[in-house]
1. From the phi of every residue in region 173-189, what ³J(HN,Hα) in whole Hz does the Karplus formula 6.51 cos²θ - 1.76 cosθ + 1.60 yield, where θ is phi - 60° and glycine or proline is x?
2. Pairs of Cα atoms under 8 Å, at least six residues apart: use those to get the relative contact order of region 148-234, whole percent.
3. Given the Cα-Cα distance of ALA171 and VAL191 and 0.36 nm per residue of separation, how much length would full extension add, in nm?
4. Which FRET efficiency, nearest 0.05, do ALA144 and SER282 yield, Cβ-Cβ r, R0 30 Å?
5. With each pseudo-label sitting 7 Å past Cα toward Cβ, what's the THR77-ALA227 distance in nm, one decimal?
6. Accessible area of region 86-145 with a 1.4 Å probe: how many percent of it is carbon plus sulfur?
7. Residue by residue, what Karplus-based ³J(HN,Hα) values in Hz, rounded to whole numbers, does region 62-68 have, using 6.51, -1.76 and 1.60 with θ = phi - 60° and x for Gly and Pro?
8. I'd like to compare 259-270, 153-164, 63-74: which one has the highest average count of other Cβ atoms within 10 Å, and what's the full order after that?
Amino acid sequence: MRRRTVAGAALGPVLAVAPVLAVALAAVLAGCGSSSAPAGGAPASSAGAGHAPGGELTVFAAASLEPVIDELAAAFTAQHPGVTFARVTYDGSSTLATQLVEGAHADVLVTADPASMQTVADAGLVDGEPAVVATNTLQIVVPAGNPDGLTSLADLAALSAHGGKVVVCAAQVPCGASAASVLESAGVTLVPASLEQNVTAVLTKVTAGEADAGLVYRTDVLKAGDAVEGVDFTESSEAVNAYPAAVLTDVTAPAVARAFVDFLVSREGQTLLAARGFAPPSEAG
């Protein structure tokens with residue numbers, strides 16, 4: 001069954017999976033008048049990392065990327081000592097897109113769906129082509145031990161219909177769009193106890209005992225550790241979230257911002273993402 005990207009149309013000419021070659025990164029850095037170095041894409045070598053251009057970056061990232069973007073930033077600065085990260089802001093992708101369109105500043109944006117990235121691109125705030133850096137799918141999240149014995153979306157819907165507290169993301173954010181898609185595929189109707197503005201809020205309610213179950217990304221279940229369990233369901237393959245990353249306009253250090261985006265799809269970047277449960281860009285529909 002063909003997997004499709006969630007939350008609307010793909011970005012067409014704006015969205016492409018960027019090739020990950022150290023040569024390409026060197027060309028980007030050299031073209032900006034600075035000496036170049038691989039950003040982690042070259043096999044096991046960090047030669048020349050100390051010669052990378054310096055600069056300060058602010059990153060806006062989807063809530064489901066916490067804390068892996070922090071880890072990626074640390075690995076990147078280890079290779080490029082002249083780079084600092086002023087701030088990494090995590091929130092729902094649609095919220096971040098709205099903030100940027102309304103005038104907030106960031107150098108790099110990573111969303112959990114193409115639609116939110118397209119909103120920013122349509123406002124003329126994306127410099128160049130975004131690159132899909134990872135993919136993700138949903139799981140049912142339940143307390144440790146799965147006390148209600150959930151095994152499917154039908155079980156989740158039955159729980160909500162009989163007084164159980166089931167929480168999901170609001171439809172305007174990527175995790176909510178994915179939830180709506182998989183529920184439609186399963187042919188079940190869910191009556192949520194609440195609609196949250198990002199996936200972290202859903203996970204928090206389940207881990208805190210304020211909800212009996214929810215729908216979150218596979219990576220969020222992994223992040224929560226022993227506090228919760230994840231339940232796979234067949235329909236998750238119907239809604240695979242693609243995560244595009246882009247350099248934004250009006251950036252003070254464009255070569256550094258581009259190098260960081262390239263680092264996300266490098267061998268080292270992909271290893272760090274995989275350790276947090278993210279699937280590679282090739283899984284995007």
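1. Per residue, the Karplus-derived 3J(HN,Hα) values read 9, x, 5, x, 5, 5, 4, 4, 5, 6, 5, 5, 4, 7, x, 10, 10 Hz.
2. In percent, rounded to a whole number, it is 34.
3. Result for the pair: 5.9 nm of gain on full extension.
4. E(calc), rounded to 0.05, equals 0.35.
5. Going by the 7 Å Cα→Cβ label model, 2.5 nm.
6. Reported share for carbon and sulfur atoms: 46 percent.
7. 4, 4, 5, 8, 7, x, 5
8. Ranking, from highest mean packing down: 259-270, 63-74, 153-164.
The values are calculated or read from the model by the stated rules, or taken from the named source; none is laboratory data. A quick note: this is a predicted structure, and the numbers were derived from the prediction, not measured. Neighbour counts run over all protein chains shown; Cβ positions are idealised from the backbone, glycine included. Note: areas computed on protein heavy atoms with side chains; ligands, DNA, RNA excluded. Shrake-Rupley method; radii C 1.70, N 1.55, O 1.52, S 1.80 Å.
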